[in-house]
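Remarks on the structure that follows.
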Amino acid sequence: DAVEYGLDAPFDVEFHDSIPSTNARARDLADEGRADVAVLADEQTGGRGRLDREWSSPSGGVWLSVLVRPDVPPARVPAFTLAAAVAVARAAREAGVDARIKWPNDVVVPGEDAQGDEIERKLSGILTEMEGEADRVSWVIVGMGINANVDPDDLPSEARPATLSAEAGTVDRRLFTQRVLEEFDELRGDPESVIPAWREYATTLGKRVRVDTPGGEVVGDAVDIEFPGTLVVDTGDERVTVAAGDCEHLR
Ligand code: BTN
């Protein structure tokens, strides 16, 4: 059911009303040898999140996967994921939303819970997949899930989701997607520029964090981020760099 979406974007854009997962579709396109394609869906019936979680993708969202073939080793791929988070944060800010980035790549909106305590509500998540050799990736798929014009009641409440429409009114998804793709395209051309851009929107820096990493738990103050997306945590005893993990803000 792919149709032309009429976007003036630096990628070929394939639009689906309903599809299991835009990342899975982008994977098929990668196997066909394609590059620089964006797959977009109004609804996903089998949306996937990080850590094998499900990703609720009702109609009205921006469910978007970008297939690229950068000439980089796998270790530099996190910069592309961060670039996507910056692109989404910028587009959301243009739409009037106070978007920030929680390390590594959740776009969140500050708010208060029923008790008046500060919380961060997730507007967007990113799932990056890649394949290739140790010295160079063959392809990278950056999947962005953005709760755009979605009814929060259609999303899992325990995830405390934010939506663009609830924050700033219904958005023009075509324009929004175009802005995300333009920003992503610009940042991917200059991956080193992603880090200062990311710092501008960071909510994690300066916070006390607990990061679940493949090598164990790291607790401390998040002091900086370094290329290609490594978090620097001051544990009190030492500075630890964390390449990947699930991050919780403690205060
Ligand atoms: C996360 O767990 O935070 C990442 C969520 C990523 C969801 C997006 S929606 C578009 C693309 N297709 C998928 O199946 N997942 C990603």
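Remarks
- Scan of the stretch 174-219 for residues that are in contact (Cβ under 8 Å) with a residue 12 or more places away in the chain, closer than 18 Å to Ala84 by Cβ and hydrophobic (A, V, I, L, M, F, W, C), ordered by number: Phe176, Val180, Leu181, Phe184, Leu187, Val194, Ile195, Ala197, Trp198, Ala202
- Just one of the listed residues (Arg208, Arg173, Arg121) is of a type in the set (Lys, Arg) and away from the ligand (no atom under 16 Å from the Cβ), and it is Arg208.
- Answer from Pro78, Pro104, Pro73, Pro58 - the residue that is of a type outside the set (A, V, I, L, M, F, W, C), surrounded by 24 or more Cβ atoms within 10 Å (Cβ to Cβ) and farther than 19 Å from Asp36 by Cβ: Pro104
- Qualifying residue in the stretch 182-204 (condition: in contact with a Gly (Cβ under 9 Å, 6 or more places away or on another chain) and either part of a strand (DSSP E or B) or basic (Lys, Arg) (or both)): no
- Residue check, Gly46 modelled with pLDDT of 95 or more and either in contact with a Pro (Cβ under 9 Å, 6 or more places away or on another chain) or not aliphatic (A, V, I, L, M) (or both): yes
- Qualifying residue in the stretch 26-33 (condition: buried (at least 17 other Cβ atoms within 10 Å of the Cβ), within 14 Å of the chain's Cα centre (by Cα) and assigned by TED's automatic domain parsing to the domain that holds Thr163): no
- Residues that are within 22 Å of Phe227 (Cβ to Cβ), aliphatic (A, V, I, L, M) and assigned to a loop (DSSP other than H, G, I, E, B), drawn from the stretch 56-98: Val72, Val77
- Candidates Ala168, Ala159, Ala134, Ala99 - the one that is surrounded by 24 or more Cβ atoms within 10 Å (Cβ to Cβ) and in contact (Cβ under 8 Å) with a residue 12 or more places away in the chain: Ala99
- Summed over the stretch 19-55, the residues that are in a strand (DSSP E or B) and within 13 Å of the ligand (Cβ to nearest atom) give a count of 10.
- Matching entry among Val171, Val150 (being in contact with a Pro (Cβ under 9 Å, 6 or more places away or on another chain) and outside any strand (DSSP E or B)): Val150
- Subset tally (residues that are under 28 Å from Thr213 (Cβ atoms), of a type in the set (D, E, K, R) and in contact with a Leu (Cβ under 8 Å, 6 or more places away or on another chain)) for the stretch 30-73: 2
The values are calculated or read from the model by the stated rules, or taken from the named source; none is laboratory data. Owing to the predicted nature of the structure, the values given are computational and were not obtained by experimental measurement. Because the Cβ atoms are built from the backbone with ideal geometry, glycine has one as well, and the counts that use them run over all protein chains shown.
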